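Read through the structure below, which is laid out as structure tokens, and then see the notes.
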Amino acid sequence: MSNTMQSMALTVPQSGSIEAYVQSAYSIPVLSAEREQELATRLHHENDLQAAQELIMSHLRFVIHIAKGYAGYGLPQADLIQEGNVGLMKAVKRFNPEVGVRLVSFAVHWIKAEIHEFVLKNWRIVKVATTKAQRKLFFNLRKNKKRLGWFSQDEIDTVAETLGVSAKDVVEMESRMSNQDQAFELSSDEDDSASASGNFSPAQYLEDKSSDLAVMVEEQDYEAHANKRLANALVALDERSQDIVKTRWLDDDKATLQELAAKYSISAERVRQLEKNALTKLKSALV
């Protein structure tokens, strides 16, 4: 991947301008299956970096959608999105258009893998080091702790007084730093024994398997696109037909044929005819 493309896809603002980044990402059109296939084929067979860039940029919204699911870990949204973008780029590089699946379904695993790794490296620290004093405590303990044994009570009190934190914070931080990290995925030898004992690796419990995010995003994109087309089709109708369709089909309190007949001083049968004609036009526009 070119440096330019990397900077475009990976540069996520760290401040309040994250909203502008999200808005910009969602303004990039979703690729049709045909266009995606064309671009992926060019990248796969010709190493066309322009095609890779278009594939990446059109899927940034998908990364944002996945990253929002990890907000509960207390990590910056911009960092989660940035890590997900790394996974997206890896997916685009490895995507084979001849397999017969959409890129979004293939990329979800790469995106989640990068975010999972980032979460595992950082969330344990964030849970405690949430204030300036606690962050100072963490870095001082990591730098100055020279032995494996636990602090004595006098040492705990000294550290707490020096750094301006509570003795409880010192004990909790020391406990967390003394814990050993768990592998993201179990080895094949460990897998069976761990499952039998009820222990699972983070790779098994970080992901919510109750829904398919790839399908969810595709459905949301389709719904948004369909709603936009419906709105454009409605505008093309005359005002009376628009009102009939909206009050008969779109409003919560739907009007009856008789109510609309009285409103427009026409027969109920005429209202039904206008409604039928309007729906036929809408259907043609949507198809």
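The values are calculated or read from the model by the stated rules, or taken from the named source; none is laboratory data. Small disclaimer: the values here were computed from a predicted structure and weren't measured. For neighbour counting, all protein chains shown are included, and Cβ atoms are generated from backbone atoms with ideal geometry for every residue, glycine included. Only protein heavy atoms, including side chains, enter the accessible area calculation; ligands, DNA and RNA are left aside. Shrake-Rupley method; radii C 1.70, N 1.55, O 1.52, S 1.80 Å.
Here the spin labels are modelled as points 7 Å beyond Cα on the Cα-Cβ line, and at THR41 and ALA226 they lie 2.9 nm apart. What the phi angles of the stretch 104-121 give under the Karplus curve with 6.51, -1.76 and 1.60, with θ = phi - 60°, is a coupling list of 4, 6, 6, 6, 4, 6, 5, 5, 5, 4, 5, 5, 4, 4, 5, 4, 5, 6 Hz, glycine and proline written as x.
Sort 112-118, 92-98 for me by packing, meaning the mean count of neighbouring Cβ atoms within 10 Å per residue, highest on top. If you can, show how the numbers build up before the last one.
Details: 112-118: 20.6, 92-98: 15.9.
The packing order, highest mean first, is 112-118, 92-98.
Using the per-residue mean of other Cβ atoms lying within 10 Å as a proxy for protection, in what order, highest first, do the peptides 80-91, 260-271 fall? Could the numbers behind the result be given before it?
Details: 80-91: 23.8, 260-271: 14.4.
Packing proxy ranking, top to bottom: 80-91, 260-271.
Atom-type composition of the exposed protein surface of the stretch 43-116 places 50 percent of the accessible area on carbon and sulfur (1.4 angstrom probe). Each residue was assigned an accessible area with a 1.4 Å probe, and for GLU19 the value is about 120 Å².
For the pair ARG94 and ASP252, a Förster radius of 51 Å applied to the C-beta separation gives a FRET efficiency near 0.60, rounded to the nearest 0.05.
Rounded to the nearest 0.05, what FRET efficiency do GLU155 and GLU117 give with R0 = 25 Å and r taken as the Cβ-Cβ distance? Could you check?
Working: r = 34 Å, r/R0 = 1.36.
In this case the efficiency is close to 0.15.
Can you flag which of LYS68/LYS283; LYS68/LYS168; LYS228/LYS254; LYS93/LYS228 are past 27 Å Cα-Cα? Before the final figure, lay out the partial values.
Numbers: LYS68/LYS283 35 Å; LYS68/LYS168 32 Å; LYS228/LYS254 22 Å; LYS93/LYS228 32 Å.
Going by Cα-Cα distance, LYS68/LYS283; LYS68/LYS168; LYS93/LYS228 fall outside the 27 Å limit.
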